[in-house]
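To keep things clear, I will list the structure first and then write my remarks on it.
Please treat every number below as a calculation from the coordinates, not as lab data. In this text the structure is predicted, and so the values were computed from the model without any measurement. Note: ideal-geometry Cβ built from the backbone for every residue, glycine included; neighbour counts use all protein chains shown.
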Amino acid sequence: MNSLVSRGSSLAYKKAFKPILFRQKPDDVHERLLRSGSHIQNIPVIREALKKAWSFSDPSLEQSVFGLTFNNPVGLSAGFDKNFELPGLLSAIGFGFMEGGSLTYRPYAGNPKPWFTRLPKTESIVVYAGLANQGVDVITKRLKSYPATVFKNFPLNISVAKTNSPKTCTDDEAISDYVGSLKILNQNHLGDMYTLNISCPNTYGGEPFTTKDRLNRLLGKVDQLNLTKPLIVKMPSDKSWKEFNQLLRVIIEHKVSGVTICNLAKDRSKVQLKDPLPDAVLGNLSGRPVWELSNALIKKTYQNYGDKLIIIGVGGIFSAEDAYTKIKLGATLVELVTGLIFEGPQLIGQINQGLSELVKKDGYANICEAIGIDA
Ligand SMILES: Cc1cc2nc3c(=O)[nH]c(=O)nc-3n(C[C@H](O)[C@H](O)[C@H](O)COP(=O)(O)O)c2cc1C
């Protein structure tokens, strides 16, 4: 990483690019970014230049988790690269891993637009995409088309949800939808870990598997697949500890290696909004509104299950300090989306550089020593 270039990029993003981007519709910006990014990432000199300018590596950030090597603990969270189109670019800008998707068994064109609404003062995005994605078959072909080098030292976490359709509303249909995708991915040896997204709002049938008995049924069926990759469950944000704990109790009885805490915030009445948000704007909130919810759940989960589950901490990370807070509360890895959109692509290297400084300042040789020290 070139610190001068990185700092200059922050300034340029905040003062020049972001004001222009934020004047355009977020759905359009996202689409253009995917289109241009998927081309740019194929140009080796550009990848190399991005890496030199922005990405940061240091032995203090390297960890072995789930039997995989992570160069750093900062990953992309699900929803930004739904169709796995940008792995080369995401790796070049310094992410340690990525969670693509969520993908589903059948393709879904998405809910009526807008899918995304920015809340600039709240530092949040209202998300109403409803699991838009090209479906497991198309995505399988795309993943197979990448050279193996793309995911070398850049673990791929594949998020799997159930197809957003009236046809997947019964438990049996929904379970075979999840299982169908996982089977295809596993048989094709794709990805390094799988995340079962049980907590996506704005879909037909809601979130049936965020109740203990139904989650137990789903995980029972997934167990039977004998997946060859670690399985993680993406948790909801809006449960009381009692309800959340019931889900965790079920999870530890199955072949699950970790939990991602957590998904979008749903209850607007509990969120401190600094922007107007009319009811007509549908969707759930990312970014700052998820921060407290996620931190409280990470801490309690670590206190109670720290020896049984790896925690991936997500929600409201905008800086190295934010990432470090989640790690000290019990997260082994962290992921983000909204911070990337609000702060710019140089943020990832800056978080990693900041993390390595914070770790050393606290007298640790490696970030893993800081996990859970504030829990
Ligand atoms: C634009 C957008 C799309 C998202 N789509 C998904 C998704 O498909 N699957 C999922 O598990 N989470 C999805 N999420 C939730 C994020 O993965 C993450 O849990 C949440 O936004 C909190 O992290 P953040 O504050 O860093 O954005 C989405 C979030 C955003 C902002």
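Alpha carbon centre of region 319-356 versus region 274-301: separation in Å?
What the calculation gives is 17 Å, centre to centre.
Where does region 62-112 land on Rg/Rh, using Cα atoms and the Kirkwood Rh?
Details: Rg = 13.1 Å, Rh = 12.3 Å.
Ratio value, two decimals: 1.07.
So which GluC sites (Glu not before Pro) in region 240-313 end up in coil per DSSP with only 13 or fewer other C-beta atoms within 10 Å?
Here the sparse-neighbourhood loop sites are E253.
Arrange the following residues from fewest to most other Cβ atoms within 10 Å of their Cβ: T228, T104.
Working: T228 9, T104 30.
Listed from fewest to most nearby Cβ atoms, that is T228, T104.
Measure off 7 Å from each Cα along the Cα-to-Cβ vector at I373 and D267, then give the distance between these two points in nanometres to one decimal.
About 3.4 nm, to one decimal.
Give, in nm to one decimal, the length gained when the segment between S145 and A12 is fully stretched (0.36 nm per residue of separation minus the Cα-Cα distance).
Length difference between fully extended and current span is 44.4 nm.
Quote the FRET efficiency, to the nearest 0.05, computed for N2 versus K183 with a Förster distance R0 of 56 Å and r equal to the Cβ-Cβ distance.
0.80
Classify region 128-202 as rounded, prolate or oblate, taking a ≥ b ≥ c as the square roots of the eigenvalues of its Cα gyration tensor: rounded when a/c is under 1.5, otherwise prolate if a/b is larger than b/c and oblate if not. Display every interim value, and only then the final one.
On the way: a/c = 2.15, a/b = 1.89, b/c = 1.14.
Verdict is prolate for region 128-202.
Which residues does the label zone of V138 cover in region 164-198, counting backbone N under 17 Å from a point 7 Å along Cα→Cβ?
Once the point is set 7 Å along Cα→Cβ of V138, 164-165, 181 turn out to lie under 17 Å by backbone N, inside region 164-198.
Sequence neighbours fewer than 8 away in the same chain don't count; with that in mind, list the lysines whose C-alpha is under 18 Å from K162.
K82, K183, K212, K221, K234
Given region 233-331 reduced to its alpha-carbon atoms as identical point scatterers, what log10 I(q)/I(0) does the Debye formula return at q = 0.11, 0.14, 0.19, 0.22 Å⁻¹?
Here the Debye-derived log intensity ratios amount to -0.33, -0.52, -0.88, -1.10.
Share of antiparallel DSSP beta bridges in the chain, in percent to the nearest 5?
Given both bridge residues lie in the chain, the antiparallel proportion sits at roughly 30 percent.
With springs connecting C-alpha atoms under 10 Å apart, model the chain as a Gaussian network and identify which of L333, L11, L103 has the largest mean-square fluctuation.
Evaluated over the chain, the most mobile residue of the options is L11.
In region 119-156, what trypsin sites (Lys or Arg not before Pro) fall in a loop by DSSP, with at most 11 other Cβ atoms inside 10 Å?
K121, K152
Given the -39500 (n - 2.57) contribution per DSSP H run of 4+ residues, what per-residue ellipticity at 222 nm results for the chain, rounded to the nearest 500 deg cm²/dmol?
The helix contribution divided over the chain gives -12000 deg cm²/dmol.
Arrange W54, W241 by Cβ neighbour counts within 10 Å, fewest through most, would you? Write down the numbers at each step before the final one.
Values: W54 23, W241 13.
Listing W54, W241 from fewest to most nearby Cβ atoms yields W241, W54.
For q values of 0.07 Å⁻¹, compute log₁₀ I(q)/I(0) with the Debye formula on a Cα-only model of the chain, without solvent.
Log-scaled intensity ratios, in q order: -0.27.
Over region 287-342, what is the mean sequence separation of C-alpha contacts under 8 Å (at least six apart), divided by residue count, expressed as relative contact order in percent?
Working: 77 pairs, mean separation 22.9, N = 56.
Worked out over region 287-342, it gives 41 percent.
Can you work out the base-10 log of I(q)/I(0) for region 1-119 at q = 0.20, 0.22, 0.23 1/Å, using the Debye formula on its C-alpha atoms alone?
-1.35, -1.45, -1.47
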